[in-house]
Structures are given as structure tokens and as C-alpha cells.
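What follows draws every value from the coordinates through simple rules; no lab data is involved. Owing to the predicted nature of the structure, the values given are computational and were not obtained by experimental measurement. Quick reminder, even Gly has a Cβ in these numbers, built from the backbone with ideal geometry, and neighbours come from all protein chains shown.
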Amino acid sequence: MLKGTPSTARPPRIRTIQRSALVLLIVAGTLNYVDRATLAVGGTLIRQDLGLSIAEMGMLLSAFLWAYAFAQLPGGALIDRFGSRRLLGAGLFIWSLAQAAAGLIGSFGQFIVARVVLGLGEAPMFSSGARVVKDWYNVRNRGLPTGIYNCTSTLGPTIAPPLLTALMLAFGWRWMFIIMGLAGIVIAVLWFVIYRDPNEAGLTAEEQNYLADGEEPRVAEPITFAEWRRLFSFRVTWGLILGFFGIIYLLWLFQAWLPGYLEMQRGMSLQKTGWVAAIPYAFGVVGSIGTGFVADKLMAAGLSPINSRRFPAIIALVGMAAFTYLAAETPSNTLAVACISVVMFCAGASSAMGWALVSVAAPENNTGSLGSIMNFGGYLGGALAPTVTGFIVEASGSFVPALVVGSVIGLASAAAYLFVLPNRPITAAEVAGGARR
């Protein structure tokens, strides 16, 4: 096949690698979100055992998120330099040790440390996923796999309440943490043994041509600190940061407080909460995968790579904001859960499109870096959400004003995607030369 001619036939080995990589990302990503949910699911019993106030519980929930957010900044550059295999494998192992250790803590301070280490370990997960998709899919086919691996951000919370509640009621909240930590260590070993980065795979010329979509295959040089720092000078970067902030703020408002909201605001029992809290997140799985499919179709229909992902993200963010407000105002428990289900559908859609934007907006050797910078901005919002919500609820005695605040933040982030994010990617030459766009 001539260079410069796009290859439409996917080589058999590429297909096998894509499938195995996606399966591993789904397993690891689902575990990632189940592990995050352990504290929220066990919150009532943990607060009783450790004598914590609602505000202290909010700070404990945020400890993971602050560590996770700031670990994004070096994490993405390390992924681009050393590859997803090493960084995600190490991260899986570290966060699983921290998860198991949380079952052995004896004080609030020790719990803070365990959650901070959990955040540091989990930091490479989704930037590694963006890098895997960039490495193993050509530009025309990245929307759907991004939606598939990103669906774990709602698949994990779907599984978490019934699974973790069952473990907690059977063995206690401490053994819930320990069992999940041991499971993660097994998955870390499987990832490191099975997955390979492209430079370890010995690609043929045909395979390289398919992945490059007919362009001349290039060897990406490792990102330098100057290039990483220069990413902050582009509008693309700030559009991604500000847009993702609202997505993750709203996602973590519910991720951290949905069980507590259902128990305290809606009067549901612990057993019932374990199942009802899972319902909204199931809709998020559909939103993530479905929107990934739509993005690829929009690009095939002629939209630019960025607009085919940005427009669905904006629509989904507006939906998140609107239905969060409706959930706050309705007196009906059934209607509230239905509204939150729509919020999670839109959360899956918008977060999938956020990561899909990274795969088309970043230069070849900056994908992990730009993804981590975006995720850093998002998880500043995620870190604020539990604490802000906790203080609002403690001060007002209600979740209603906290949900209204989240709705306003969601609308502001939709505006950022529309007005700040330009319809063009950052090029490798601009990063190397320092051009500002």
C-alpha cells in the first residue's frame, strides 16, 4: 500500500490488540470507580464508627480528589514519556494497596492518608485510556472506543452500591475495603502482563499505515518540560479545562453524596439506597457508549474532529444542569431518581466527549499530557463538590441549594466549551515552537 493512502482494512492483529486493550481498560476503569465509591457507600457506618460530622465526611471524601487532581499534572507527561503499560500498571498496584490499607485504619488522619494515596494511584487511569485509544485507533475511529472505556465512569458507580453494600453487610465496612484492594492487585498484574505499548509490539508497515490513517508514520519524541508547560498557552487547553470542570463537579456531587442524599433528604433505608443509588449510573453507561458512536457518525458526515465531539458535550452539559435543578425542586422521590438518571446519562455522554476531544485536539506525543491537564481542571471541580456540598448541607439542613449551585456550574462549563474551545487542534509544531492559539 502506498504511503499517504488511508488504509480502511483493519489488520487482524490490530483488531485483537484493540479488543484486549479495551477489555482491560473496562475492567480497570470499573474497579477504579468502584474503589472511589467505597467511602460514599460505607459513609453512614464509617461516620458512626469514627464519630465524624457531615462536614468532616465531606473533607474525607475530598481528600482523594485533591490528590487525584494534582497528580494529573506530572502523571500525563509521565504517560507520554514511559507509556500506559508502566504507568497504569504501577498506578493500579499503588491504589489497590491504599484501598486495602483503608480497611485497617484507626483514625480520621490515617483515613485521610489512605485516601490521598488512593488518589495518587488512580491518577494515570483515564489519561492512559486516552493514550491507548490514540495509540491503537486511527483518527476516524476514536469516538466509540473512547465512549466504551469512559463508560466505566458510570458503570463502576452502577455496580458499586449493590456490590459494596452486600460486602459491607456480610463482612463489615473494613473487609469491604480489603477485598476490593486484593482484587485490584490481581488486575494490576494482568494489565502489565497482557498489554503492550506500540513501541513494544513490533508493528508491520501495514499496521503502522492503518494507525496513521495513511499519513507518513512518525516517531513521536518524548515530551519535554518546556513543551508541557507551553500547552497552557493554548485556548484549546483552557477550553478543555473549563468545560471538564463542570462535568466532574456535577458527577462528583452525586458520586460522593448520592447515597447520603437518598438517606438524609429522601428518607430511604441503607438497604434500599444500595439498590436505588445504582439506577442512575446505569443510564450513564448508555450515554457514554451511545455518544461515542454518534461522534464518529458526525465526523463521517462532515463535521470537524473537534465539533463532532464538542457539540454533543455542550448539549449533554446543559442536560446535566437542567435535570439537576429539577431533581432539587421535585417533592417526588421517584421523579428525583428519574431526573438524576438523566443527569447520569448526560454525564456519561459529556465526559466521553471530553476525553474524545483530547484524542483529536492533542499532538501525537502530548495526548497523555493534555488529557491529564484537562482532568486536573475537572477534578478541581470534583474535589470542591463534596466539600462545598457538605458545608452547604450542614449550614442549610438541605441538599436543595447544593444541587442548584451544581446546576449553575454546569451551565457555565457548557458556555466554556462553546466560546473558549476553538475548532482546531494543537499541532506538534506549535507546541515545539511556542505559538499561541
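Quick notes on this structure:
- Nearest-ten-degree value, helix 84-102 long axis tilted from longest Cα axis of the chain: 10 degrees
- Distance from segment 320-342 to segment 26-71 (C-alpha centre basis), Å: 24 Å
- Comparing Cα centroids, segment 238-286 and segment 387-414 end up 13 angstrom apart.
- Computed over segment 12-433: relative contact order in percent, which uses C-alpha pairs under 8 Å that are six or more apart: 28 percent
- Shape call, segment 113-180: gyration tensor on alpha carbons, a/c limit 1.5: oblate
- Three-way shape label, segment 332-391, alpha-carbon gyration tensor, a/c 1.5: oblate
- Linear extension gain, Ile279 paired with Ile194, 0.36 nm per residue minus alpha-carbon span: 27.3 nm
- A Cβ-based charge dipole, computed about the Cα centre of segment 96-210 with Lys and Arg at +1 and Asp and Glu at -1, lands at about 320 debye.
- Rounded if a/c under 1.5, otherwise prolate or oblate - segment 253-382, Cα gyration tensor axes: prolate
- A Förster distance of 56 Å, applied to the separation of the beta-carbon atoms of Ser53 and Ala201, puts the FRET efficiency at 0.60.
- Hull volume per residue, based on the alpha-carbon atoms of segment 12-433 and their convex hull, is 121 Å³.
- Per-residue ³J(HN,Hα) for segment 396-404, Karplus 6.51 cos²θ - 1.76 cosθ + 1.60, θ = phi - 60°, Hz, x for Gly and Pro: 9, x, 8, 7, 4, x, 5, 5, 5
- The angle between the Cα long axis of helix 12-41 and the main principal axis of the chain comes to about 20°, on a 0 to 90 degree scale.
- Tilt relative to the chain, helix 278-300 - C-alpha long axis, 0 to 90 degrees, to 10: 20 degrees
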